[in-house]
Structure formats: C-alpha cells, structure tokens
Amino acid sequence: MGYNVICIKCGRSYVSKANRNGLCENCKVSGSERSMTSRTKNYDSVIVYLPKGKRDKLKMFSGLCGMTMNEFVNKAIDTFSDAAFENSLNENNEEMLKKTYEELKNF
Ligand SMILES: [Zn+2]
C-alpha cells in the first residue's frame, strides 16, 4: 500500500511508501548511471591494445573524416569485413558464411 505522489524532478506521479513528493525510481538513478546502464544494455565494448602513439593516428584520421574515434573504428570494421567477405567467397562454407554475414552486417 502506498501513496500517489509526484516526482519533484520529472513531474510524473508514482507510488511511494512515504506520503510526500520525492524522486521516482527512474530519477533516483543518476544521469551517468542511467547512461551507463543504457550503454551496457545496447552496446558491446572491446578493449583494443594499440602500439604507443597509434591512438593519436586514430584520433587524427577520425577527425579528418569528421567522425568520432568510435564511429571511425565501427566504419573500419564494416569496411574491412566487407572486403574480407568478398575475398573469402571462394572458400568452403559459403552458405554458412553468407548467412552469418547477413546477420552481422547491419551492426
Ligand atoms: Zn522522476
């Protein structure tokens, strides 16, 4: 049993045990926590080790392309994957490869 109260941050009504307005469950989570939660829910992360100084190269060339480093790496993966797929078409497992490729290429 609870009280219908108003969230002082977002203005939505929510049910609380205390009979006073406060923060709803959604607003109790800090902004950075929320964006972290959304990030881990929607994205995989990979740690890549680069030779010293290569990060500067990544930063410079992604900037030249008007991309973030993250966008640049994603684009590089897609571009390289397309080329690798074309090069491997003559090998065995063509059907399986095609199927896998179709499933993955939209990421
Ligand atoms: Zn709220």
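General observations
- Pair list, Cβ under 6 Å, 6 or more apart: the range 17-45 residue among the charged types (D, E, K, R), other residue at pLDDT 80 or above: K17/G2
- Residue check, S32 among the hydroxyl-bearing types (S, T, Y) and away from the ligand (no atom under 16 Å from the Cβ): yes
- Of everything listed in (1) in contact with a Gly (Cβ under 8 Å, 6 or more places away or on another chain); (2) in a loop (DSSP other than H, G, I, E, B); (3) not acidic (D, E), the single unmet condition for G66 is (1).
- Qualifying residue in the range 56-66 (condition: touching a residue at least 12 places away in the same chain (Cβ under 8 Å) and either within 16 Å of the ligand (Cβ to nearest atom) or surrounded by 11 or more Cβ atoms within 10 Å (Cβ to Cβ) (or both)): yes
- Residue in the range 9-24 that is surrounded by the most Cβ atoms within 10 Å (Cβ to Cβ), counting only those that are outside any strand (DSSP E or B) and more than 8 Å from the ligand (Cβ to nearest atom): N21
- Checking S81, S38 one by one, the residue that is closer than 25 Å to Y101 by Cα and surrounded by 10 or more Cβ atoms within 10 Å (Cβ to Cβ) is S81 and no other.
The values are calculated or read from the model by the stated rules, or taken from the named source; none is laboratory data. Because the structure is predicted, anything quoted here is derived from the model rather than measured. Glycine also receives a Cβ, built like all others from the backbone with ideal geometry; neighbour counts cover every protein chain displayed.
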